[in-house]
Amino acid sequence: MRRRQLPGEPPPPTKGELKRQAQALQALGEQLIEAPEELVVGLDLPEKLRDAIELARRITSHGALVRQKLFIGKLMRRVDPDPIRAALEAVSETARLTTMRFKRAERWRDRLVLEGQAAIDEFIAQVPQADRAVLSRLATAALAEHVSDKPGGAKREMFRWVRDMLGG
């Protein structure tokens, strides 16, 4: 039952608003289940919530997992969600940056193999600390591997070298 609004007070939340807030907290709890263990341990969560998350990770039955997620959502109503959101966003941002660095190194590796000397010159211009002789040797080996269509480690070695030079 909704309470009456007193003069000068903000209106009480509607039933729909309360339901949306509860669903958002449950979704946050589900993200905690999927989050790395180190993150959950590092958060200041009540012991009951931490135990519920740990149990949810071990449950294999679909119905039991659904019930456990609902229980976690109920427990989340007693916790401040802002630090949890911030921690999850930080992990997400770190993963996004790592993926961007990985893709950048992949693009450079592919360009260095396929475009040859022009790409090597451009890479050296962008990364002056890179050794041109090592880069040329790696690019030649990777190109030979690419042309022969035989699996080998030259492209992987070149990728690791490029990634290290780019600071990733």
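Rule-based calculations on the coordinates, nothing more; no lab input. Predicted, not measured: the structure shown is a model, and the values here were computed from it. We place every Cβ from the backbone using ideal geometry, glycine too, and count neighbours over all the protein chains shown.
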Subject >> Fewest-first sequence of 49, 6 by Cβ atoms within 10 Å of each Cβ >> reply: 6, 49
**OP:** Taking the Cα centre of the range 94-166 as origin, sum charge times position over the Cβ atoms of Lys and Arg (+1) and Asp and Glu (-1), and report the length of that vector in debye to the nearest 20.
**Re:** 360
**OP:** Can you tell me the 0 to 90 degree angle between the C-alpha axis of helix 62-76 and the longest principal axis of the chain, rounded to 10?
**Re:** 70
Original post:
Which Rg and Dmax, in Å, describe the Cα atoms of the chain?
Top reply: 26.0, 81
Original post:
Taking neighbour counts of Cβ atoms within 10 Å as a proxy for exposure, in what order, fewest first, do 159, 102 appear?
Top reply: 102, 159
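Run lengths n ≥ 4 of DSSP H only: what is the helix-derived mean residue ellipticity at 222 nm for the chain, with -39500 (n - 2.57) per run over all residues, to the nearest 500?
Rounded to the nearest 500, it is -25500 deg cm²/dmol.
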**OP:** Report the one residue of 154, 140, 119 whose Cα lies farthest in the direction of the positive end of the charge dipole of the range 111-168 (charges on C-beta: Lys and Arg +1, Asp and Glu -1; origin at the Cα centre).
**Re:** 154
Original post:
Which angle from 0 to 90°, rounded to the nearest 10, does the C-alpha axis of helix 15-34 make with the longest principal axis of the chain?
Top reply: 40
Original post:
Expressed as a whole number of Å, what is the distance separating the alpha-carbon centroids of the range 60-82 and the range 140-168?
Top reply: 46
**OP:** May I ask for the angle, rounded to the nearest 10°, between helix 132-148 and the longest principal axis of the chain, with both axes built from Cα atoms and the value confined to 0 to 90°?
**Re:** 90
